[in-house]
Amino acid sequence: SRMRLDHAMRQALQEGQFRLHYQPQINLANGQVIGAEALIRWRDPLRGEISPSEFIPVAEESGFIVAIGEWVLHQAVEQAARWLRQGWRMPVAVNVSALQFQQSQFADTVAHALRASGLPPGLLELELTESILLRDAEEALRRLQSLAALGVGMSIDDFGTGYSSLGYLKRFPIQRLKIDRSFVTGLPADASDAGIVNAIIQMGQALRLHVIAEGVETEAQRDFLLRAGCDEFQGYLYAPALGPQEFEERVWRRGGPNPPGVGMRLMGGLLI
Ligand code: C2E
Ligand code: MG
Ligand code: MG
């Protein structure tokens, strides 16, 4: 069934069955949307919607992730460039797989995508995972440095789930840590989750990194993160990943940062 899925993916890319959705990233202190994470979506005509957590691992195993990743990169960069031409500055974050990152020409691919679209590099962020960075940390550091030289931002996705070497964290030219959803789920009641999240935020502050929490679904989780000093969040509490048009309508055209209610509650949280 993995082979069938792999075959179907190749066809899907050719036939344009993939699309990108964008999940808003929100500044905790003022409720403003500060960026968008591009997440791939696939509707197969027979099977219906297939989750990336189902097909991305298969694509990673077969190597097809390199082609998918390139499509995602171009698509996301094009979208951000289109928004910018329309007068809207919206940074996009793109997930990068290990195999993609290990390609010797990866930095060139990124540079090419930026050049082709005309997007300023500062409006692109690459999301890397701890496992990517630790496989061969010295080589990873060189790659990160050539990407940083392009001017793109970088973050560590699913932070806390891999084996982070804190020594390398200090040297990597990254700007942001993304606290994995598994630690956010138990907030605020679970003492271990609360402890881990507090520790990540404090470490981020000490290293001058932005910290964003993933998978925020409740106001109680958001309030905890705000008090703990977390910078940003993304999650269903604000919005799931949205199609580009829906994203625009929700975040841009409908008068900016706050969907009805959220800003007010955030202010309330701050006043307490
Ligand atoms: P990720 O990069 O950590 O993305 C976060 C996942 O959490 C997304 O799932 C998102 O839809 C989901 N999510 C966001 N907010 C909430 C929430 O409040 N509650 C819950 N329960 N879930 C939330 P998605 O889109 O299914 O993607 C799963 C994973 O697949 C991603 O994890 C990422 O590792 C991978 N992925 C998705 N798109 C791409 C891509 O374009 N390239 C690569 N290499 N991987 C991708
Ligand atoms: Mg991600
Ligand atoms: Mg993540």
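Read-outs: derived from the displayed coordinates by stated rules, not from any lab. None of the values given here were measured: they were computed from a predicted structure. Virtual Cβ from ideal backbone geometry, glycine too; neighbours counted across all protein chains shown.
A few remarks follow.
- The orientation-averaged shadow of the Cα convex hull for region 63-146, equal to a quarter of the hull surface, comes to 5.1 nm².
- Legend: calculated FRET efficiency, ARG10 to GLN32, from the Cβ-Cβ distance at R0 = 41 Å, rounded to 0.05, equals 0.55.
- Simple spin-label estimate for ALA194 and GLN103 gives 4.6 nm between the two label positions (7 Å along the Cα-to-Cβ direction from each Cα).
- Sorted on the mean count of surrounding Cβ atoms within 10 Å across their residues, most packed first, peptides 120-130, 166-176 read 120-130, 166-176.
- Where only C-alpha atoms are counted, convex hull volume of region 95-220 per residue in Å³: 110
- In units of the rule-of-thumb radius 2.2 N^0.38 Å, region 124-196 shows an alpha carbon radius of gyration of 1.21.
- Take the Cα of MET203, step 7 Å toward its Cβ, do the same at GLU139, and the gap between the two points is 2.5 nm.
- Relative to its residue count, region 32-90 spans a Cα convex hull of 111 Å³ per residue.
- Relative contact order of region 1-153, defined on C-alpha pairs under 8 angstrom at six or more residues apart (%): 19
- Binned Cα-Cα distance frequencies in region 1-50 - 10 Å width, integer %: 22, 37, 19, 16, 5
- Compactness check for region 1-158: Cα Rg over 2.2 N^0.38 Å is 1.05.
- At least 27 Å along the helix axis (C-alpha) and Kyte average at least 0.0, DSSP helices within the chain: 65-85
- Scattering curve values for region 149-261, log₁₀ I(q)/I(0), Debye with Cα scatterers, q = 0.14 Å⁻¹: -0.63
- Packing-based ranking of 177-185, 233-241, 142-150 yields 177-185, 233-241, 142-150, ordered from highest to lowest mean Cβ neighbour count within 10 Å.
- Antiparallel content of DSSP bridges confined to the chain, in %, to 5: 40
- Stokes-Einstein D (µm²/s) once Rh is taken as the Kirkwood radius of the chain over alpha-carbon pairs, at 37 °C in 0.692 mPa s: 170
- Packing-based ranking of 40-49, 92-101 yields 92-101, 40-49, ordered from highest to lowest mean Cβ neighbour count within 10 Å.
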